[in-house]
Amino acid sequence: MAQISATEQKGMQQIDLTSLNIQQLSSLKQQLDQELNLFQESLGSLKMAQGKYQTSGETLEKIVQDAEGQDMLVPLTGSMYVPGKLHDTKNVIIDVGTRYYVEKDIEGAKDYFNRKVKFVTEQMEKIQWLGMEKSKIRDAIIEIAELKVQQQQQQQPQQQS
Amino acid sequence: MSDDIQRKLQNELDNFKKTQKELQKTIQNRQQLDGQLNENELVKQELDLLPSDGKVYKSVGPVLIKTELVEAKHNVSKRIDYINAELKRVDNMIITLEKNQDGHREGLQKLQHQFQQAQVKAALHA
């Protein structure tokens, strides 16, 4: 897929922005706008995922060893509960994705959520960095496009006279 | 003359729009596959971290069914292979569609040019 980047990369063509015409510049800007929007959306969903992993990790802190046998209410639906007892406080079952669930002990589960939070945070940082780079290019494109429009306007009265 | 060009122009425009729509759909498909690949790879990493006697469950509808770790690993690897093959297929499709789109775009530009020239001619004769 086509990539736009300020830093030179293998297999990428360097294009002098000033050599493009206004139409090309505007379609380039449109493409960048779309990408930036997508980044914003992705950041939002990543933030949500980060929050979910964090709460799950924090909930683990509440399951302590001596809570075994403790009474609790288990939600069957959003509004219906049945009484139950905590049977196993050493292990939890974690949804790892694609419908697979894995049993882990409390420490392992904490480690899992910590790793996930770290992973998601890293992805967010990457996207933020990319977003910054792309907005810089977008600003440059707008600047050049404005310059070109000005030049055109200056040329037009000459042609008419 | 100008009617003829106009009809061709409309025809080409329809074709262009059709390819554009198809391309968008294919790209969406690709993004979905990409997401699935990512998810499966994360699951694989997680399964690889488990000790060999680790307990794995698979959710089938509302129940969790215990699965052998080896079997789960095998299933996930197979799915990753399948998704990779699908990705390759979709990538090729995107390349062809992009080529088609460029062809239609060029045709459109040519026809537009012809149309304008015909109009200028008509204006001169009038």
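Results, tabulated for the structure shown:
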read-out	value
Selection status of B:Lys78, within 13 Å of chain A (Cβ to nearest Cβ) and either touching a residue at least 60 places away in the same chain (Cβ under 8 Å) or not in a helix (DSSP H, G or I) (or both)	no
Selection within the stretch B:39-56 - in a loop (DSSP other than H, G, I, E, B) and facing another protein chain (nearest Cβ under 7 Å)	B:Leu50, B:Gly54, B:Lys55
Residue match in the stretch B:93-102 (condition: within 12 Å of chain A (Cβ to nearest Cβ) and surrounded by 13 or more Cβ atoms within 10 Å (Cβ to Cβ))	yes
Failed criterion for B:Leu13 (all others in (1) under 27 Å from the mean Cα position of the chain (by Cα); (2) within 12 Å of chain A (Cβ to nearest Cβ); (3) surrounded by 15 or more Cβ atoms within 10 Å (Cβ to Cβ) hold)	(2)
Positions within the stretch A:119-161 being of a type in the set (Val, Ile, Thr), touching a helix residue (DSSP H, G or I) at 6+ places or on another chain (Cβ under 6 Å) and farther than 20 Å from A:Ser5 by Cβ, in sequence order	A:Val120
Single unsatisfied condition, B:Ser59 versus (1) part of a helix (DSSP H, G or I); (2) at the interface with another protein chain (Cβ under 9 Å from one of its Cβ atoms); (3) hydroxyl-bearing (Ser, Thr, Tyr)	(1)
Test: B:Gln36 is touching a residue at least 12 places away in the same chain (Cβ under 8 Å) and part of a helix (DSSP H, G or I)	yes
Count of residues meeting criterion [of a type in the set (Gly, Ala, Ser), closer than 28 Å to B:Ala72 by Cα and free of Cβ contacts under 8 Å to residues at least 24 places away in the same chain] in the stretch A:54-97	1
Restricting the stretch A:69-126 to residues that are in a loop (DSSP other than H, G, I, E, B) and facing chain B (nearest Cβ under 9 Å), the residue that is farthest from the chain's Cα centre (by Cα)	A:Arg99
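Here is a yes/no grid of residues against (1) of a type in the set (Val, Ile, Thr); (2) farther than 23 Å from B:Thr26 by Cα; (3) assigned to a helix (DSSP H, G or I); (4) in contact (Cβ under 8 Å) with a residue 60 or more places away in the chain:
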{"residue": "B:Met93", "(1), (2), (3), (4)": "no, no, yes, yes"}
{"residue": "B:Lys99", "(1), (2), (3), (4)": "no, no, yes, no"}
{"residue": "B:Asp102", "(1), (2), (3), (4)": "no, no, yes, no"}
{"residue": "B:Leu124", "(1), (2), (3), (4)": "no, yes, yes, no"}
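No value in this document is a laboratory result; all are computed from the given coordinates. Bear in mind the structure is a predicted one, so any value in this text is a computation, not a measurement. Heads up, the Cβs are rebuilt from the backbone with ideal geometry, glycines too, and the neighbour counts pull from every protein chain shown.
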